[in-house]
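Here the structure comes first, spelled out in structure tokens, and everything after it is commentary.
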Amino acid sequence: MAAIAEGMVADLPLREEYINKELARRQHGYGRGPRMKIEKDKVEIVAGLRYGLTTGSPIVLFIANRDWPNWQEELNVSPMEKEVAPVTCPRPGHADLAGVTKYGLRDIRPIMERASARETAARVAVGAVARRFLEELGVAIHSHTVAIGRHHSKRSKGSPLDWRKVEASPVRCADAGVEGAMIEAIDEAMAGGDTLGGVFEVIAMGVPIGLGSHVSWDRRLDGRVAGAMMSINAVKGVEIGAGFALAGVKGSQGHDVIEPPALSVEGRELGEGQPKQSLPWRRATNRAGGVEGGMSNGEDIVVRAAVKPIATLANPLPSMDLGTGKAAKGHYERSDVCVVPAAGVIGEAMLAIVLADACLEKFGGDNLKETLTNYRSYLTSIS
């Protein structure tokens, strides 16, 4: 597969190894299917770089599909004397039925392949480019698993997270006490030919105040973030900050009090060698999740996404054969059992893409030096 990232500034240091690290994170996580054993994603930067620096032109990223040789007959682009038998039993919960109806196809195969979450490898690759840019501005993005099935992390909101422990966890959960129960639940679902969903949380730290806009609906940062998260395969719900919990409290309990800064507070550290975002106030809480009125407010941006159970079941749900019109079981080839840990990595990539776009929109510049100069000037102006 190929991905094209347009609009990135020139002179940004970028390496294939950096992108490959993110691709590897996407393939990890307890509950992933056999395909992860077949393929080990590696990116090739085809265009947009010279001597390890971006040139300002579109960046072309290519990721080989090592499983492709096994599908030459099913997915050949040329006419064939004898076509393979069509797939005609749509999976409930998947794109199959709506897709073949929309495009007037008799075979589900083209829909199921293009709707596959395999395409998120390209998103993670492009997200890595965005992440590399955001690092220059001192922005860091992480994610962790909040829930798998009915098992929820008991970590109190706002408590510090050890990201090294999260990355070392098979389910990318910060709460070691519930990790074992999550793994058991995945094993139980696998044994029953079933799947499990859950919730992941993405946190962006060091985000400058003022990204996005309250002026037009399509420029609102929360709308852009929510749309990006909802576009991830199997995500069925998104909340920013306290989200849905805010619907059940009074206004006096739902907002983030603005306070004068403590004398000892010197500002938010934005990364080595970068200026501080020193604001003449602080927030007592972060229920807004870092966004107010469609704009970043200087606090951490916190986003949660609910991931439904994967629709491809080893023990398929009832469906019908579109060829015969008779009752049948939904199609099955192979599937993950739980993708929540990997979905968090994809969520990081999508948030990085949105934030990088918003930063370039606000600070401009055709090369990294120019953008950083504009950024530092802005931070000085608001301090």
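The values are calculated or read from the model by the stated rules, or taken from the named source; none is laboratory data. Not measured: the values here are computed from a predicted model. Heads up, the Cβs are rebuilt from the backbone with ideal geometry, glycines too, and the neighbour counts pull from every protein chain shown.
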Is it the case that the stretch 100-112 has a residue that's crowded, with 16+ Cβ neighbours inside 10 Å, among the aliphatic types (A, V, I, L, M), over 19 Å from T312 (Cα atoms) and under 24 Å from the mean Cα position of the chain (by Cα)? no
Consider K250 against the criteria (1) over 28 Å from E348 (Cα atoms); (2) modelled with pLDDT under 95; (3) not hydrophobic (A, V, I, L, M, F, W, C): it satisfies all of them except one. Which criterion is unmet? (2)
Restricting to strands (runs of 3 or more DSSP E) lying wholly in the stretch 296-383: which have 1 or more residues that are of a type in the set (D, E, K, R), touching a residue at least 12 places away in the same chain (Cβ under 8 Å) and in contact with a Ser or Thr (Cβ under 7 Å, 6 or more places away or on another chain)? 327-329
Go through the stretch 317-346 and give me each residue that's buried (at least 18 other Cβ atoms within 10 Å of the Cβ), touching a strand residue (DSSP E or B) at 6+ places or on another chain (Cβ under 6 Å) and not small (G, A, S). C338, V340, P341
Cβ pairs under 7 Å, 6+ apart or interchain, first in the stretch 159-181 and over 13 Å from V340 (Cα atoms) and in contact (Cβ under 8 Å) with a residue 12 or more places away in the chain, second assigned to a loop (DSSP other than H, G, I, E, B) and hydroxyl-bearing (S, T, Y), ordered by first then second residue, are A174/S153; D175/S153; V178/S153
Sole residue being in contact with an Asp or Glu (Cβ under 7 Å, 6 or more places away or on another chain), of a type in the set (A, V, I, L, M, F, W, C) and farther than 30 Å from G290 by Cα, chosen from V77, V43, V124: V43
Are any residues in the stretch 158-180 part of a loop (DSSP other than H, G, I, E, B), under 18 Å from V302 (Cβ atoms) and at pLDDT 95 or above, and if so, which ones? R172
Got a sec? Which of V238, V249 is at negative phi and over 26 Å from the mean Cα position of the chain (by Cα)? V249
Which of the residues belonging to the stretch 54-90 are within 25 Å of the chain's Cα centre (by Cα), of a type outside the set (G, A, S) and closer than 21 Å to A130 by Cβ? T54, P58, I59, V60, L61, F62, I63
